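Data first, discussion second: the structure below is written as structure tokens.
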Amino acid sequence: MSTRLWHWMNFGCLVILFMSGLNISNAHPWLYWGDAGFLPEEAWISVMRFPGWATIPDYYSLAPARDWHLSTAWLYAIGLLFIWISMLINRHFRRDIAIRRREWNWTAIKEDVRNHLRFKFDPEEGKYNFFQKLSYGLVYVILLPLMIFTGMAISPGWEPTLGWMIELMGGRQSARSLHFLAAWALFAFFVLHVALVFVSGPLGQLRSMILGDRK
């Protein structure tokens, strides 16, 4: 139950964070590494300008976009802390997501690839298959926490306290680039996740996500 509640709350938070983040990106659509910063010719990539229908608010305005972003970030961070505590207590991560040593088997992984190509996703006994465990593990362990820590590194207010972490990331501009890349990695995961829901039986999958019935 706790996982399903967090799933939908986190989805709402990520939508707001992503769309308000696109509005913030419009303020300075260049990304840098290391000591480089501000000058467009020093950027490693020039980001497209995002249209109003993809941003919050639906017009360019940095102040309200940052208000939406920072307010939602707190709810997102508290929710992530909650789900990790919950998963450790009910052993959901260890039982359903953590990959056992025996599962790192090339023959079994190839079979899982063939099952995905045949749109056959349900492993035995309703458990997650190898690629589901791998993708969920990467999201829970790396991408979701990375969004929080890189977001903190971008904010000047955290620098006196977390200067060591910012330096570890290569500086504030590198943290901003990592924040941007992690956001789009989560977007790619969301698109793939939704696509697989539709090809593997949307009604049953939605029932599972809402009611917890995996039959």
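Multiplying the residue separation of Lys110 and Ala36 by 0.36 nm and removing their Cα-Cα distance gives an extension gain of 22.3 nm.
Maximal additional length on extending the Trp8-Ile85 stretch stands at 26.0 nm, based on 0.36 nm per residue less the C-alpha distance.
Taking chymotrypsin sites (Phe, Trp or Tyr not before Pro) across the range 51-153, the ones in a DSSP loop with at most 16 further Cβ atoms lying within 10 angstrom of their Cβ are Tyr59, Tyr60, Trp104, Phe119.
The portion of the accessible surface of the chain made up by carbon and sulfur, rounded to a whole percent, is 68 (1.4 Å probe; DNA, RNA and ligands excluded). Charge dipole (Cα centre; +1 on Lys/Arg Cβ, -1 on Asp/Glu Cβ; no other charges) of the chain amounts to roughly 1000 debye. In the calculated pair-distance distribution of the range 1-72, the portion above 16 angstrom amounts to 56 percent of the Cα-Cα pairs. Once Rg and Dmax of the Cα atoms in Å is calculated for the structure shown, the corresponding label among (1) 21.2, 91; (2) 16.6, 51; (3) 19.3, 55 turns out to be (3).
Axis angle, to the nearest 10 degrees, between helix 202-211 and the longest C-alpha principal axis of the chain: 80 degrees.
Could you give the angle, 0 to 90 degrees to the nearest 10, between helix 159-168's Cα long axis and the longest principal axis of the Cα atoms of the chain? Here the helix axis deviates by roughly 60 degrees.
When you restrict to C-alpha pairs under 8 Å that are six or more residues apart and normalise by the size of the chain, the relative contact order lands at 22 percent. Once the Cα atoms are used to define both axes, helix 172-199 deviates from the longest principal axis of the chain by about 30 degrees. Legend: translational diffusion of the range 69-169 by Stokes-Einstein, Rh = Kirkwood radius over C-alpha pairs, 10 °C, 1.306 mPa s; D = 98 µm²/s.
The trypsin sites (Lys or Arg not before Pro) found in the range 115-196 that occupy coil by DSSP, while having at most 11 further C-beta atoms within 10 Å, are Arg118.
Here r is the Cβ-Cβ distance between His193 and Arg49 and R0 is 41 Å; the resulting FRET efficiency, rounded to 0.05, is 0.90.
The values are calculated or read from the model by the stated rules, or taken from the named source; none is laboratory data. Bear in mind that the values here come from a model prediction, so they are computed numbers and not experimental data. Note: ideal-geometry Cβ built from the backbone for every residue, glycine included; neighbour counts use all protein chains shown. We work out accessible area using only protein heavy atoms, side chains counted, and drop any ligands, DNA or RNA first. Shrake-Rupley method; radii C 1.70, N 1.55, O 1.52, S 1.80 Å.
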